[in-house]
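Okay, structure first, notes after.
The values are calculated or read from the model by the stated rules, or taken from the named source; none is laboratory data. Just so it is clear, the model here is predicted, and its values are computed rather than measured. So basically every Cβ, Gly included, is an ideal-geometry build from the backbone, and we count neighbours across all protein chains shown. To get the accessible areas, we keep the full protein, side chains included, count just its heavy atoms, and leave off ligands, DNA and RNA. Shrake-Rupley method; radii C 1.70, N 1.55, O 1.52, S 1.80 Å.
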Amino acid sequence: MSLYGEAAAVLSALERGEGGLSGLVYGSRFPHARQLYALVAETLRYSPVLEAVLDGAALLRAERKLPLPLAKVLVYDLLFGKGLKCGGRWKALLRRHRARLEAELARLKVRRGVSRNEELLAAAPGAGPGAPRVPRYVRVNTLKTRVDDVVDFFKRQGYSFLGKAGSMEELRTLSGKKFLLDLHLPELLVFPPQTDFHDNRLYMSGHIILQDKASCLPAFLLSPVASSHVIDACAAPGNKTSHLAAILKNKGQIFAFDLDAKRLATMNTMLMRAGVTSFKLAQQDFLTVDPQDPKYSKVTYILLDPSCSGSGMVNRLPVEEAAPSAERLQALAGFQRKVLSHALSFPAVQRLAYSTCSVHREENEDVVQAVLQEQGSAFRLVNVFPSWPCRGLATFPGAECCLRASPTATLTQGFFVAVLERCRDQDAVPSSLPAAAEESLQQGEEVEPGAAPPKKRRRKKQRVKT
């Protein structure tokens with residue numbers, strides 16, 4: 001299938017609620033997944049504008065055999081992308097209507113009082129001050145570069161660096177060619193929503209990772225200690241795996257699993273480009289992995305981001321159109337409970353991060369509650385990141401220890417994270433930090449969750465005067 005046909009198929013699957021953007025793109029058979037992802041993501045971003053242009057130009061009334069999803073990706077590349085590169089008969093069809101489409105785009109700009117294409121995004125209906133606008137988040141890949149060096153690069157590109165954000169309001173009002181350092185995550189840069197980096201040199205070389213802030217939380221909160229053995233149970237497309245490797249500083253070992261060979265091949269390419277060396281990929285259903293296998297005997301951390309409804313993804317079509325059925329939610333929750341219980345059966349695991357990009361309690365709090373009850377006193381829910389503004393739904397005692405994210409509350413995709421730790425005999429109350437961070441706090445040092453523990457200070461030996 002051609003690039004445009006595959007992109008239209010992904011858009012249609014999103015509309016039917018069959019998964020999230022990353023999963024559908026990297027689960028497709030299209031050989032150039034990055035190109036497909038960029039086209040679909042940008043088409044979704046411009047979707048209200050494209051619908052206005054298509055309606056004003058009456059294209060679908062003139063070409064009744066042209067499906068709406070295909071029309072959107074074709075018109076996006078014609079008007080906002082790099083021009084139609086393929087498409088066969090559809091390319092010829094769009095070229096016949098090009099003058100009418102360009103004229104309608106010009107009229108739309110006049111009506112909305114803007115002069116640039118990007119300004120149409122902010123001026124689109126529903127994009128007023130009260131509507132959520134998720135910024136563009138850029139994670140600096142510390143395996144290949146430093147935050148300061150990336151900041152300097154973008155300053156040379158004409159961007160203005162405003163320093164570290166002091167509030168969510170600063171992220172909400174970000175515009176133009178300005179960017180900030182995120183107020184929660186130390187290696188995350190924040191740009192206005194319309195910023196596109198898919199052709200940026202740093203992105204193409206793996207120096208930066210385009211990853212939503214909420215998607216960065218699982219690895220950040222898991223916070224594996226360098227030299228640890230870690231499992232990424234449902235790993236593709238690999239952003240969280242590369243984040244784990246950066247936290248580990250490429251020391252230790254990451255075991256990453258995914259059942260789809262195509263997704264794993266794409267993930268391997270992505271990890272190599274990101275400079276990740278400490279990983280082993282396996283084409284295997286994580287549920288079939290033997291916890292008693294000696295190769296996993298040292299695994300102390302697990303990141304589990306299983307298949308979910310994807311209902312938190314704001315790049316999807318309207319939620320009411322894509323809401324999963326009760327039967328599908330029940331099936332997903334059953335799988336999620338099963339895979340979480342399996343992950344906790346690894347004998348050496350001490351800490352696990354469970355996450356979904358779903359807004360449904362059936363896939364989130366209900367799963368965590370059911371598995372904790374099943375485990376008895378073996379594991380506890382950790383009160384991670386107390387300063388995070390959005391907590392778990394109060395469906396069971398302690399659910400507030402979980403984290404939620406949403407476009408309105410945290411300016412991110414909809415997301416859920418829970419961190420579980422193995423109980424020790426001396427545990428009295430749930431901890432809010434990893435063990436290394438706790439030790440530092442006991443020594444009077446302050447540590448952000450997910451940050452590397454501070455180095456121990458050596459005491460200078462006092463020389464005795466004689």
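When residue 173 is tested against (1) of a type in the set (Ser, Thr, Tyr); (2) touching a residue at least 12 places away in the same chain (Cβ under 8 Å); (3) out of contact with any strand residue (DSSP E or B) (no Cβ under 8 Å at 6 or more places or on another chain), just one condition goes unmet, and that condition is (2).
Take the residues in region 71-90 that are assigned to a helix (DSSP H, G or I) and free of Cβ contacts under 8 Å to residues at least 40 places away in the same chain; name whichever of them is nearest to residue 40 (Cα to Cα).
Here is the first cut: in region 71-90, the ones assigned to a helix (DSSP H, G or I) are 71-79, 89-90.
Subsequent filtering for residues that are free of Cβ contacts under 8 Å to residues at least 40 places away in the same chain retains 71, 75-76, 78-79, 89.
Working: 71: 12, 75: 12, 76: 10, 78: 14, 79: 15, 89: 20 Å.
Among them, the one singled out is 76.
Selection of region 251-270 for residues being modelled with pLDDT under 95 and hydrophobic (A, V, I, L, M, F, W, C) yields 259, 261, 264, 265, 267, 270. For region 376-386, residues that are part of a loop (DSSP other than H, G, I, E, B) and touching a residue at least 24 places away in the same chain (Cβ under 8 Å) total 7.
Per-residue answers, yes or no, for (1) over 30 Å from the mean Cα position of the chain (by Cα); (2) charged (D, E, K, R):
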site	(1), (2)
72	no, yes
79	no, no
96	yes, yes
106	yes, no
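For residue 161, the requirement of being open to solvent by 10 Å² or more (accessible area, probe 1.4 Å) and of a type in the set (Phe, Trp, Tyr) is met. None of 147, 138, 134 is open to solvent by less than 20 Å² (accessible area, probe 1.4 Å), in contact with a Leu (Cβ under 9 Å, 6 or more places away or on another chain) and modelled with pLDDT of 75 or more except 138. Looking across region 349-365, the residues that are part of a loop (DSSP other than H, G, I, E, B) and among the polar types (S, T, N, Q) come down to 350, 358, 364. In region 110-128, the count of residues that are over 17 Å from residue 195 (Cα atoms), at pLDDT 85 or above, in contact with a Leu (Cβ under 9 Å, 6 or more places away or on another chain) and surrounded by 13 or more Cβ atoms within 10 Å (Cβ to Cβ) is zero. For region 230-250, the criterion of a residue being of a type outside the set (Asp, Glu), at pLDDT 95 or above and surrounded by fewer than 18 Cβ atoms within 10 Å (Cβ to Cβ) is satisfied by at least one position. Does region 361-384 contain at least one residue that is under 18 Å from residue 330 (Cα atoms), under 22 Å from the mean Cα position of the chain (by Cα) and polar (S, T, N, Q)? Checked against the condition, which is being under 18 Å from residue 330 (Cα atoms), under 22 Å from the mean Cα position of the chain (by Cα) and polar (S, T, N, Q), region 361-384 yields at least one hit.
Within region 344-367, the set of residues being more than 28 Å from residue 295 (Cβ to Cβ) and of a type outside the set (S, T, N, Q) comprises 357, 359, 360, 361, 362, 363, 365, 366. Restricting attention to region 332-364 and to residues that are farther than 12 Å from residue 375 by Cβ and polar (S, T, N, Q), the residue that is most open to solvent (accessible area, probe 1.4 Å) turns out to be 350. Checked against (1) surrounded by 19 or more Cβ atoms within 10 Å (Cβ to Cβ); (2) in contact (Cβ under 8 Å) with a residue 40 or more places away in the chain, residue 50 passes all but condition (2).
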